[in-house]
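Scroll down for the structure; my scribbles are underneath it.
The values are calculated or read from the model by the stated rules, or taken from the named source; none is laboratory data. Owing to the predicted nature of the structure, the values given are computational and were not obtained by experimental measurement. Note that we place each Cβ from the backbone using ideal geometry, even for glycine, and neighbour counts take in every protein chain shown. Areas reflect the complete protein model, heavy atoms only, side chains present, ligands, DNA and RNA absent. Shrake-Rupley method; radii C 1.70, N 1.55, O 1.52, S 1.80 Å.
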Amino acid sequence: SSDVCSSDLISIFIINMGKNMDSSLKYGNLLLTTDFSDLSARAIPHAVSIARKYKSKIYILHVLEPILSPVEYSWGSVQVEQIEDSRHSNADKNLLKWCDEQLSEDLDTRILIRKGNAVTEIISVIEEFDINMVFMATHGHTGISHVIFGSTTSQILKKSPIPVLSIR
């Protein structure tokens, strides 16, 4: 059975696994995704709470989505490599700053920046680092905007081989 608990700040989908629940579940490796928005920061207290309880390592992931080729927009002599290097450097600085502001130093954390499709990269990180649970925010788009743009969170909820806590 399942329940939905919600308040003005968060919504959590709870799955009751009944008698088949494995009491030896461990959450040694957690994945916290961020796009540096205030919304993505809402996932932090949940990840921190689990990390402290299970003495987990938190992998913090930011994915740089691909940009269109400058040829398509006649950007002149600007090189794709220069733009990508600048984006990666900025993401690295932003992620370090974000972690300093949002996470306490006593936590075991590792910062990851990946380039590519967010869904593909998140699934790849789950497999590569033997992640046990994912924490991510959803922007809560519905209707036509959800149909047009989709949702990284909803795709991860469908494709993830492990539990995902989606915070709205």
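What do you reckon, is TYR54 farther than 20 Å from ILE122 by Cα and either at pLDDT below 75 or out of contact with any Cys (no Cβ under 9 Å at 6 or more places or on another chain) (or both)? Walk me through how you get there before you give the answer.
Numbers: farther than 20 Å from ILE122 by Cα: yes; either at pLDDT below 75 or out of contact with any Cys (no Cβ under 9 Å at 6 or more places or on another chain) (or both): yes.
Here the answer is yes, as TYR54 does meet what is asked.
Looking only at residues in segment 23-51 that are assigned to a loop (DSSP other than H, G, I, E, B) and of a type in the set (D, E, K, R), which one is modelled with the lowest pLDDT? Steps first, please.
Keep residues of segment 23-51 that are assigned to a loop (DSSP other than H, G, I, E, B), which gives 23-28, 34-37, 42-43.
When the remaining residues are screened for being of a type in the set (D, E, K, R), the result is 26, 35, 42.
Details: LYS26: 78, ASP35: 85, ARG42: 88.
Ranking the qualifying residues of segment 23-51, first place goes to LYS26.
For segment 75-125, which residues satisfy the criterion of being among the aromatic types (Phe, Trp, Tyr) and open to solvent by 80 Å² or more (accessible area, probe 1.4 Å)? Before you say what the answer is, go through the steps one by one.
Filtering segment 75-125 down to residues among the aromatic types (Phe, Trp, Tyr) leaves 75, 98.
Passing the criteria: only TRP75.
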